[in-house]
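Notes follow once the structure below has been shown.
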Amino acid sequence: MTKRALITGITGQDGAYLAELLLSKNYDVYGMVRRSSTNNKERLNHLKNDIHLIDGDLADGGNITRMLNTVQPDEIYNLGAQSHVGSSFDMPEFTANVDGLGILRLLESMRTLDMQDTKFYQASSSEIFGNSPETPLNETSPFLPCSPYGVAKLYAYWTVINYRQAYDFYACNGILFNHESPMRGAEFVTRKITKAVAGIYHGSKETLKLGNLNAKRDWGHARDYVRGMWMMMQMDQAGDYVLATGETRSVRKFIEAAFAYIDIQIEWQGESENEKGINKKTGDILVEIDPNFYRPNELHCLVGDAKKANKKLGWSPEISFNDLVAEMVAHDIEVYQK
Ligand code: NAP
Ligand code: F7E
């Protein structure tokens, strides 16, 4: 029997990789797409003839109920979100509505439509741990979110658990640490760096302007992480799982790795707002600090422990940090446009 999956956030990085994975497993794939006056379907260009797209928005409950009723999915993957942590400080109410209440709308629609046999995946996030005192972080670590995004995702996390306990839904939280790819949005730090490196490779004289270089993240590849999402949905019982690589690196180290791919060695000079990344060979300034990219509250260090996912799902990441950086820079060099 062909399974039917519904993906919210299908136009995003993970949505595109997940749609690709599910199609390869012969799923019938449906995706919710927000109305936009510009093209928000670029990541789906290669899949557009194989998937069904439905207009919708996580802020509209009636629309969600009608969509679920029409599609009658076997599996729902809720990836839709205002996913930028920095922007969540500027738009806390919008972020709470979509990333928090959006999940409630989906689960309430499932309850109203009596969709007991439909499995539900929630894109939870390592941001719910915030500056937790534990390291590495696992499913039992304390939650101390330190951004409006993290707070909204924590509301969603507990809502999933509540519906699992109260109504016996198969609903799981994938607590995913940062995952990147050539399809990552350009406003996230990794892609911002790899795009700038590609520009410099092609002769651009612009410097790369960034905020806090000392923040550390556990960066994996999105392709590995969507495989983990699917695995969570194939179990007999729903659960909550951390997906992470177990390695952490600073933004500064990511910059060094990305420039190393084009044979540039970065030397750091100066401190805090005056710090600069210099091309060791030529003396050119390539990286500068712009305090506009500092956040009102920073999550300093993330490193995850994915032992539970490894033991119960058999999941482990396959793509290394160096291969991730290489793939992203190579891609941006190839698609670079002035
Ligand atoms: P992304 O590239 O920013 O994609 C977000 C998706 O959500 C886009 O398709 C976007 O549509 C859609 N969306 C935004 N607001 C919506 C609304 N009101 N109604 C319906 N859809 C809406 O994010 P991603 O990196 O693929 O992440 C996927 C999910 O995992 C998100 O929930 C994110 O918070 C979570 N997450 C991501 C990471 C990570 O490192 N990537 C880690 C942990 C958790 P448009 O294309 O129209 O903007
Ligand atoms: O920032 C620092 C910034 O925006 C990473 C989302 O997918 O992962 C992501 O959230 C770090 C932060 O990702 C710039 O301060 C410095 O410490 O790439 P990011 P994020 O905030 O970790 C989690 C797990 C999610 O769930 C989210 O959806 O880099 N940083 N300079 C900068 N960050 C940005 N964006 N831009 C800069 O110029």
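Considering only residues that are in contact (Cβ under 8 Å) with a residue 60 or more places away in the chain and within 12 Å of ligand 1 (Cβ to nearest atom), look in segment 40-74 and name the one that is nearest to Arg295 (Cα to Cα).
Restricting to residues being in contact (Cβ under 8 Å) with a residue 60 or more places away in the chain and within 12 Å of ligand 1 (Cβ to nearest atom), the top hit is Arg43.
When you look at Asn138, is it of a type in the set (S, T, N, Q), away from ligand 2 (no atom under 12 Å from the Cβ), under 29 Å from Leu22 (Cα atoms) and in contact with a Lys or Arg (Cβ under 9 Å, 6 or more places away or on another chain), yes or no?
Considered against the rule, which asks whether it is of a type in the set (S, T, N, Q), away from ligand 2 (no atom under 12 Å from the Cβ), under 29 Å from Leu22 (Cα atoms) and in contact with a Lys or Arg (Cβ under 9 Å, 6 or more places away or on another chain), Asn138 comes out as yes.
Could you give me the residue pairs with C-beta distances under 8 Å whose first residue belongs to segment 290-312 and is on the phi < 0 side of the Ramachandran plot, whose second residue is open to solvent by 90 Å² or more (accessible area, probe 1.4 Å) and part of a loop (DSSP other than H, G, I, E, B) wherever it lies, and which are 6+ apart or on separate chains?
His300/Asn214; Cys301/Thr135; Val303/Thr135
Against the definition (within 16 Å of ligand 2 (Cβ to nearest atom), open to solvent by 40 Å² or more (accessible area, probe 1.4 Å), not in a loop (DSSP other than H, G, I, E, B) and not hydroxyl-bearing (Ser, Thr, Tyr)), how does Arg66 come out, yes or no?
So Arg66 fails the test.
Is there any pair with a first residue in segment 113-133 that is more than 25 Å from Asp218 (Cβ to Cβ) and a second that is small (Gly, Ala, Ser) and open to solvent by less than 10 Å² (accessible area, probe 1.4 Å) whose Cβ atoms are under 9 Å apart and which are 6 or more apart or on different chains, and what are they?
Cβ pairs passing all conditions: Met115/Ser109; Lys119/Ala171; Phe120/Ala171.
Go through segment 6-56 and give me each residue that's outside any helix (DSSP H, G or I), aromatic (Phe, Trp, Tyr) and in contact with a helix residue (DSSP H, G or I) (Cβ under 7 Å, 6 or more places away or on another chain).
The answer is Tyr30, and nothing else.
Within the bounds of segment 275-283, is there any residue that is within 16 Å of ligand 1 (Cβ to nearest atom), part of a loop (DSSP other than H, G, I, E, B) and among the small types (Gly, Ala, Ser)?
Looking through segment 275-283, none of the residues is within 16 Å of ligand 1 (Cβ to nearest atom), part of a loop (DSSP other than H, G, I, E, B) and among the small types (Gly, Ala, Ser).
Sort out which residues of segment 131-149 are touching a Phe, Trp or Tyr at 6+ places or on another chain (Cβ under 8 Å) and crowded, with 21+ Cβ neighbours inside 10 Å, and write them in order of number.
Passing the criteria: Leu137, Pro145, Ser147, Pro148.
Looking only at helices (runs of 4 or more DSSP H) that lie completely in segment 75-191, which have at least 1 residues being within 28 Å of Glu256 (Cα to Cα) and within 15 Å of ligand 1 (Cβ to nearest atom)?
Fully inside segment 75-191 and qualifying: 85-90.
The values are calculated or read from the model by the stated rules, or taken from the named source; none is laboratory data. Everything numeric in this text was worked out from a predicted model, so none of it was measured. Note: ideal-geometry Cβ built from the backbone for every residue, glycine included; neighbour counts use all protein chains shown. Side chains are part of the model used for accessible areas, which takes the heavy atoms of the whole protein and leaves out ligands, DNA and RNA. Shrake-Rupley method; radii C 1.70, N 1.55, O 1.52, S 1.80 Å.
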